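For reference, the structure discussed in these notes is given below.
The values are calculated or read from the model by the stated rules, or taken from the named source; none is laboratory data. Just so you know, these numbers come straight off a predicted model, no measurement behind them. Cβ sites come from the backbone with ideal geometry, for glycine too, and all protein chains shown count toward neighbours. Each accessible area value is taken on the protein alone, full model and side chains, heavy atoms only, with ligands, DNA and RNA left out. Shrake-Rupley method; radii C 1.70, N 1.55, O 1.52, S 1.80 Å.
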Amino acid sequence: MQIEINGNALKLITGDITKQETEAIVNAANGTLLGGGGVDGAIHRAAGPELLAECRQIRQEQLNGEKLPTGKAVITKGYRLPASFVIHTVGPVWSGKEGKDKLLADCYRNSLQLAAAHGIHSISFPSISTGIYRFPIDRAATVALSTIVEFLDSREFGEVVMTLFSQSDYEVYEAALKKLMD
Ligand code: ADP
């Protein structure tokens, strides 16, 4: 499914984000930036060890050894990935509390703002927080898509692709987008 928003494109696809050829892909990282399971592990495996080295450097130099806070984003190169850049953001762990929606929205908004600040015009997102972090996917889809739509409504950007890893995830995002556009 693809829609146009203010001259920008928003696409929903099924696929593997490590194969996407947008200028940037987003990693659903954890605060350590040192890799993990799920999409994080897949991105580090595909990008090669240089990605981990740059993440370690960011931890030391930009974050003074601290973890990247939930909702915030940092950018690295893409190394062996088809994408030139990886934007790493830390999704909230679901705990049944309303306040987590805002943190999830922050992930999408801060990633998009960081991309725009680097002159990037195409970006692919995974479904942040809906794997190991257990965020209910229908709720996450509404937060993700409404944040992306609001961003695209407000400026000239280019293309945003939501890369869903399964057909059932795709269907949840498709239903949420149709509802949002009603
Ligand atoms: P989180 O810790 O933020 O929940 P996960 O990596 O566990 O992150 O899951 C986030 C989403 O990414 C899940 O829907 C999972 O199915 C999906 N995913 C896992 N691997 C890939 C991949 N290679 N490409 C796209 N999505 C992926």
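Which trypsin sites (Lys or Arg not before Pro) does segment 77-182 hold that lie in a coil by DSSP with at most 16 other beta carbons within 10 Å?
Arg80, Lys97, Arg134, Arg155
How high is the relative contact order of the chain, in percent, with contacts defined as C-alpha pairs under 8 Å that are six or more residues apart?
Here the relative contact order equals 30 percent.
On a 0 to 90° scale, report how tilted helix 137-154 is relative to the longest principal axis of the chain, with both axes built from alpha carbons and the result rounded to the nearest 10.
90
Apply 1/(1 + (r/R0)^6) to the Cβ-Cβ distance of Lys178 and Trp94, taking R0 = 25 Å, and write down the FRET efficiency to the nearest 0.05.
That pair, Lys178 with Trp94, gives E of 0.55.
Can you compute the charge dipole magnitude of segment 2-181 about its Cα centre, using +1 on each Lys and Arg Cβ and -1 on each Asp and Glu Cβ, nothing else charged? Give it in debye, rounded to the nearest 20.
With only Lys, Arg, Asp and Glu charged at Cβ, the dipole is about 440 debye.
Where a Cα-Cα gap under 24 Å defines reach, which lysines qualify for Lys102, not counting those fewer than 8 residues away within the same chain?
Straight-distance partners of Lys102: Lys11, Lys67, Lys72, Lys178, Lys179.
Tell me, what HN-Hα J-couplings in whole Hz come from the Karplus equation 6.51 cos²θ - 1.76 cosθ + 1.60 at θ = phi - 60° for each residue of segment 121-133, using x for Gly and Pro?
10, 9, 8, 10, 10, x, 7, 4, 6, 8, x, 4, 7
Relative to the longest principal axis of the chain, what angle (0 to 90°, nearest 10) does the C-alpha long axis of helix 100-117 take?
70
Can you give the three extents of the C-alpha atoms in the chain along their principal axes, from longest to shortest, in whole Å?
If we take the Cα atoms of the chain, the spans are 46, 35, 29 Å.
Can you tell me the length gained on complete extension of the stretch Thr32 to Leu63, counting 0.36 nm per residue apart and subtracting the Cα distance?
So the chain would gain 10.1 nm between Thr32 and Leu63.
What figure in square angstrom, to the nearest 10, would you give for the accessible area of Tyr133 with a 1.4 Å probe?
In the full protein context, Tyr133 sits at about 60 Å².
Taking the chain as the reference, fit the longest principal axis to its C-alpha atoms, fit the long axis of helix 38-47 to the helix C-alpha atoms, and give the angle between the two in degrees, 0 to 90, nearest 10.
60
How much length is gained on full extension from Ile3 to Ser146, taking 0.36 nm per residue of separation minus their Cα-Cα distance?
Working it through step by step, the gained length comes to 50.2 nm.
Between Ser84 and Asp153, 0.36 nm times their residue separation minus their Cα-Cα distance comes to what?
22.3 nm
Once the dipole of the chain is set up with Lys and Arg at +1 and Asp and Glu at -1 on Cβ about the Cα centre, which of Pro49, Ile128, Leu180 lies farthest towards its positive end?
Pro49
Report, by chain and number, residues whose modeled amide H sits under 5 Å from the one on Ala9, excluding near sequence neighbours (fewer than 5 apart, same chain).
It is Gly158, Glu159, Val160, by chain and number.
Amide H to amide H, which residues 5 or more places from Ser124 or on other chains are under 5 Å from it, using H placed in the peptide plane?
The answer is Ala24, Ile25, Val26, Val161.
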